Amino acid sequence: MDQRNGLGDGVTTSVLAAPEPVQAAQGAIQSNAWLIIAIPLLGAAVLLLAGRRANGWGHLLGCATVIASFGYALALFSSVGGSEQAARSLHLFSWIPVNSLQVDFGLRIDPLSLVFVLLITGVGSLIHIYSIGYMAHDQQGRTGRGNTERRRFFGYLNLFVAAMLILVLGNSFVTLYLGWEGVGLASYLLIGFWQQRPSAAGAATKAFVMNRVGDVGLALAIFLLFARLGTTQYAEVFARADELSSGTVLAIALLLLLGACGKSGQVPLQAWLPDAMEGPTPVSALIHAATMVTAGVYLIARANPLYSMTEVGQLVVAIVGAVTLLVGCVIGCAYDDIKKVLAYSTVSQIGYMMLAVGLGPAGYALGIMHLLTHGFFKAGLFLGAGSVMHGMRDEVDMRKFGGLYRYMPITFATFGLGYLALIGFPFLSGYYSKEAIIGAAFAEPGWRGWVLGGAAVLGAGLTAFYMTRLMLMTFFGERRWRNRTTSEGEEFHPHESPAVMTGPMIVLAVGSVAAGFLLTSGERLVHFLSPALGELQEGHTVLPHSVIPVLTLGLSAVGVLVAWLVVGRRRVPDTAPQRVSPVVRAARADLYGNALNRAVAVRPTVGLADGLARFDRAGVDGTVNGVASTLGALSGVLRRWQTGFVRSYAMSMLVGGVLLVAALLSVGTP
Amino acid sequence: MGVVARTGVPDRHSEVLAQQSTDMPPIAYAAVAPVLIVLVAACLGVLVEAFVPRRQRWAVQVALSLLTVVCAGAALIRHAREINTGGTTFADTVAVGPATLFLWGTLLALALGAILLIADRSIEPGGAFVAETNAASGGTASRHPADAPGAASAEVMDRASASVVGMRTEVFPLVLFSLGGMMVFCAANDLLTMFVALEVLSLPLYLLCGLARRRRLLSQEAAVKYFLLGAFASAFFLYGLALLYGYAGSVKFSDIADATAGSLRSDTLLFAGLGLVVMGLLFKGSVGPFHLWTPDVYHGAPTAVTGFMAACTKVAAFGGLLRLLHVAFRASSWEWHWVLWSVAVLSMVIGVVSGLTQRDLKRMIAYSSIAHAGFLMVGAITLTERGLSATLFYLLAYGFTTLAVFGTIGLVRTSEGEATHLSDWAGLAKRSPVVATVFTFLLLALAGIPATSGFMGKFAVFSAAFSAGMGPLVVIALLASALAAFIYLRVIVLMFFNDPAPDGPTVSVPGAFTTAAITLGVVVTLLLGLVPMLALDWASVGGFVS
């Protein structure tokens, strides 16, 4: 509580204990931190409202606002960096002020939110710049002033960045919810950006609806906090958390986890994320790899004082993470679509982060560290995939690629570095962060250490397999595209992308290489985060410390080797083989994730027990209008009620009235 | 709530009932000025019909109606600044307190928007209402308002001639009468006044429903249905009133409240009466399972009138319900709580599930309003201060959004009139991005997405209900609202992601009136989403008085 007084009582309060002029400057920087959100929001407003006039310069404005935000975030970071205070609360205005219902709109500036702000605006800036090149042509091939699509695209991107910043900077759960729904909406708009593709519309709707399922959990958790504590401000909630009964804490923890699963594509709500790849590739990189999907991890890390109170809650989080990381890996092995493989890879990497934050104080900071390094290399991988698609007429089927390293050297080099970072090649960034998580998982006591650690190590091996398969099929081997055509019958002419696209890829590749070392040397990040997440605790691992890295690297090497034996040495068939083992078939069907989703998310809601075959035709998955037919039976019954005849309406009213009175009488009179 | 002295009330009241008292009771004119202004203006409107030349009637009526609403609003604000606790007037039949003033303000603001929609003559040449019969047949005979709905038969309404003449301007006084009835309805302090107000607000609505210029039969069918079912519901209300009088020996809310607080009287009379009275109100608020009229009437009525009904009638019905539950039946809430709890669930489920398969936009919004009525019920049965202020806020927010929704629906037309079938709206974004964007925003507000007033309303209502210990109901409501997002998403997807039909509808460029109404709705929806305290502050000033 006392830590938030830095700026708690007004915008102009300055920071204690700093020399006068510096203090004034720092105070100004911190008290105006709302500008970080306002600048991209303003950009979005201008781009979406200005109309065609802005076509010529809209994309430049879009980039400028995010870069400006990044600059401000850096200034803020340096002004906060060395200070002792853990968190500053910046009160902006009182949002919902009704007697006992008080919600203030304020910002919380602490190490955790700062790290996210830097990631969002930093990676966001790079992806904005990349998008200038990627979106240069609209779907009709128009460029420059005629390209309304690009302006709209940048408007949505800016909107997303603003919403995401609200999510991480807000100082209460309600503010977080505002950003949470905001990013969901922006993501919906961006997945469905290419409106002419029916699959895009379907994917956008699916993402939106699956997220709503998770949102119900988040909303309930917020109401529960309100009902029990009368506040949703982080500072107050965490200070008074011990007033809550253990059952309430567990309920809140599980409900928050449900929200996190929806947003972060965790089992059982993971199926929307791969479908979301229908959106333009920069969107996949920014929203569905680096930032939005990690919001779930942020939520749990943010609520760490609550999770620290409930061991069961933590264990559930860790198990969800472990299951998800394996599910993501297994399905990732089966797809031929380069973006879907990367999407499932994202699912599984977020599984690692979930596992880490589920380990409690031993893992919060590690989860955030993996989140940062993953933000670099996965964004780089997606941009690389986008670059490949750009040179290959938007083809995503890896069976049509092959031998591309000669034609796209920069893409190959940057993608390769991202790949090495992802599989945990020694001394690249993924190595540090993933290794630490695996070590922490093994440090759990008893069977948990073996199960969680084992899953994490196995996942590392599988990751190495499917990513090597992807590399080999795309960049090496026979040039299969030479005797193939696109679905429209055009020939492939692979070429390198323009500098505006390769530039950000190079920067991200540098990050993929160096971020891990920079963040871990001297425990820099862990130390920086400790005011927000507590000190990192190291436990005793069930295996000797030196064995774990060897085991991980060994399994990864096996994965690479197997991939080479299976894919690299043999000729890749033009179409996916049909006579495959049940495991592969299951993996191709997303491990029946969609079916599972319908079972856990749609079916109870709908309350209809139709056969699975019927769900296949009409579910969340089907066309948008098909959604209704899932509820057809029930709705049909209700529709028959709507006969149009006054006499039957009057009859219904009479029956309703009789029932109402009868119910009242039966309750009211003994 | 203890403003009125309670001693000897039954005796005095029975005197009032028997009309034995000939003294003029003291009247707090300042408090009831808004209602008086509206009702007087409605009478003036009738005179305008009689004496003003036909060519000028439209302009005079529009000016008069708008001026009335603005003046009433000004009187309301003036009074609201002075009032602290409120009190009763007209011999305790009308109670004006902070919550009632808020409802009045909401009604007036919504009526302003509705009148703007009704006054529009640019979208449908001549206006959306029945044309002047005599002008069409070339006659010059004198006319009087009483023949309006009956004489406007279908054959006279030949389309070719109808499109050149102006609309009947009785619409405006009818709206004002209805508005006056609604305002009294949420201020009534006894069941009889409430019943009279119910009729005053309903009868003009029945007429208004039947006045569409296009699709005459559908419109008249809607009017007849609404009238028959409305009369049926009124009968239930009246019977319930009688039973409650039998129970408490008085129709005054405060006496009923005293009687329920601790007496050994027959609970059968109480609960049967409560059930029947509440049923009449649920009917008006289109709460399931008494909702059956809603889709048919919303579908058939002229769209501007549908907007008026959806926004204002909802406010009035729930205003009355809130007063009844908070003032008269608070003490017995333990018994009726679970029953109305199930009504809320039923309404949400019916609204959402039926809404999913609708292919007509107006019907879809009708079902959406049934679902919203369920959400409002959640707030209405939360008998805490927060529950009250949250419900009041929800009504305001929902009213403006739904008004703008119907305003926008009226813009998309084919040569046949309004294109309300969903397939007509496919690919609308390509044809008219602005209308599609505005409509998307409004639908998102109905779905309760943050940064819209819909989110704030739901948040306030659900969190109040949750704090009052209705966790399971809130869970159901959240699930229903998550599912309801489908309904709206379907339309959004259709507008943005589908290709327009080759012979699709055109989007009319709205005139100044409709533009103003839609803008009003959109701005309020956005504003209340961003800074809800503008209205929440006021909504939480205080409760009802009796």
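The values are calculated or read from the model by the stated rules, or taken from the named source; none is laboratory data. Values in this document were obtained by computation on a predicted structure and should not be read as measured data. All Cβ positions, even for glycine, are placed from backbone atoms using ideal geometry, and neighbour counts span all protein chains on display.
Points to keep in mind about this one:
- In segment B:494-527, residue surrounded by the fewest Cβ atoms within 10 Å (Cβ to Cβ) [restricted to those that are within 11 Å of chain A (Cβ to nearest Cβ) and at pLDDT 80 or above]: B:494
- Here segment B:251-282 is the region considered, the condition is being modelled with pLDDT of 90 or more and not in a helix (DSSP H, G or I), and the residue that is farthest from residue B:326 (Cα to Cα) is B:251.
- Residue within segment A:459-473 that is of a type in the set (S, T, N, Q) and in contact with a Leu (Cβ under 7 Å, 6 or more places away or on another chain) present: yes
- Whenever a residue of segment B:442-454 is in a loop (DSSP other than H, G, I, E, B), its partners that are of a type in the set (Asp, Glu), lying with C-beta atoms within less than 6 angstrom and at least six residues away or across chains, give the pairs B:449/A:181; B:450/A:181.
- Counting only helices (runs of 4 or more DSSP H) that fall entirely inside segment A:249-354 and contain at least 2 residues that are closer than 30 Å to residue A:132 by Cβ, out of contact with any Lys or Arg (no Cβ under 6 Å at 6 or more places or on another chain) and aliphatic (A, V, I, L, M), the qualifying elements are A:281-285.
Yes or no, residue by residue, for (1) out of contact with any helix residue (DSSP H, G or I) (no Cβ under 9 Å at 6 or more places or on another chain); (2) surrounded by 24 or more Cβ atoms within 10 Å (Cβ to Cβ); (3) more than 10 Å from every other protein chain (Cβ to nearest Cβ); (4) farther than 18 Å from residue B:340 by Cα:
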position	(1), (2), (3), (4)
B:377	no, yes, yes, no
B:389	no, yes, no, yes
B:393	no, yes, no, yes
B:397	no, yes, yes, yes
B:400	no, yes, yes, yes
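- Some residue of segment B:305-317 being facing chain A (nearest Cβ under 9 Å), outside any loop (DSSP other than H, G, I, E, B) and either under 27 Å from residue B:545 (Cα atoms) or not charged (D, E, K, R) (or both): no
- Each residue in segment B:318-340 was checked for being of a type in the set (A, V, I, L, M) and either more than 17 Å from residue B:195 (Cα to Cα) or within 9 Å of another protein chain (Cβ to nearest Cβ) (or both), and 3 pass.
- Residue count for segment B:293-304, restricted to those that are crowded, with 24+ Cβ neighbours inside 10 Å and more than 9 Å from every other protein chain (Cβ to nearest Cβ): 8
- Hey, residue A:454 small (Gly, Ala, Ser), without any contact (Cβ under 8 Å) to a residue 12 or more places away in the chain and either surrounded by fewer than 23 Cβ atoms within 10 Å (Cβ to Cβ) or in contact with a Cys (Cβ under 6 Å, 6 or more places away or on another chain) (or both) or not: yes
- With respect to being surrounded by fewer than 13 Cβ atoms within 10 Å (Cβ to Cβ) and either of a type outside the set (S, T, N, Q) or in a helix (DSSP H, G or I) (or both), residue A:527 falls outside the description.
- Meets criteria (of a type in the set (Val, Ile, Thr), surrounded by fewer than 22 Cβ atoms within 10 Å (Cβ to Cβ) and modelled with pLDDT of 90 or more) for residue B:175: no
- Test: residue in segment A:499-518 that is over 29 Å from residue A:390 (Cβ atoms) and not aromatic (Phe, Trp, Tyr): yes
- Scanning segment B:418-436 for residues that are of a type outside the set (Gly, Ala, Ser) and under 14 Å from residue B:488 (Cβ atoms) turns up B:422, B:425.
- Residue pairs whose Cβ atoms lie under 6 Å apart, sitting 6 or more positions apart in sequence or on different chains, and linking a residue in segment A:629-653 that is closer than 17 Å to residue B:367 by Cβ to a partner that is modelled with pLDDT of 70 or more and surrounded by fewer than 17 Cβ atoms within 10 Å (Cβ to Cβ), do not occur here.
- Residue among A:361, A:426 that alone is in a loop (DSSP other than H, G, I, E, B) and out of contact with any Lys or Arg (no Cβ under 6 Å at 6 or more places or on another chain): A:426
- Test: residue in segment B:496-503 that is part of a helix (DSSP H, G or I) and among the acidic types (Asp, Glu): no
- Summed over segment B:327-372, residues that are assigned to a helix (DSSP H, G or I), out of contact with any Leu (no Cβ under 8 Å at 6 or more places or on another chain) and small (Gly, Ala, Ser) total 8.
- Condition broken by residue A:639, with the remaining ones in (1) within 7 Å of chain B (Cβ to nearest Cβ); (2) over 26 Å from residue B:337 (Cα atoms); (3) modelled with pLDDT of 80 or more satisfied: (3)
- Among the residues making up segment A:486-524, none is hydroxyl-bearing (Ser, Thr, Tyr), exposed (fewer than 14 other Cβ atoms within 10 Å of the Cβ) and closer than 24 Å to residue A:128 by Cα.
- Residues being within 9 Å of another protein chain (Cβ to nearest Cβ) and either of a type in the set (Asp, Glu) or part of a loop (DSSP other than H, G, I, E, B) (or both) - total across segment B:455-471: 2
- Some residue of segment B:189-198 being in a helix (DSSP H, G or I), within 14 Å of the chain's Cα centre (by Cα) and either aliphatic (A, V, I, L, M) or surrounded by fewer than 24 Cβ atoms within 10 Å (Cβ to Cβ) (or both): yes
- Residues considered: B:405, B:474. Of these, the only one that is aliphatic (A, V, I, L, M), part of a helix (DSSP H, G or I) and away from chain A (no Cβ under 11 Å) is B:405.
- Test set (1) farther than 17 Å from residue A:299 by Cα; (2) hydroxyl-bearing (Ser, Thr, Tyr); (3) touching a helix residue (DSSP H, G or I) at 6+ places or on another chain (Cβ under 6 Å); (4) more than 9 Å from chain B (Cβ to nearest Cβ) - residue A:188 fails condition number: (4)
- Residue A:421 being crowded, with 22+ Cβ neighbours inside 10 Å and either over 20 Å from residue A:351 (Cα atoms) or touching a helix residue (DSSP H, G or I) at 6+ places or on another chain (Cβ under 9 Å) (or both): yes
- Residue check, residue B:290 outside any loop (DSSP other than H, G, I, E, B), out of contact with any His (no Cβ under 6 Å at 6 or more places or on another chain) and within 14 Å of another protein chain (Cβ to nearest Cβ): no
- Of all residues making up segment B:341-366, the number that are farther than 30 Å from residue B:423 by Cα and within 9 Å of chain A (Cβ to nearest Cβ): 2
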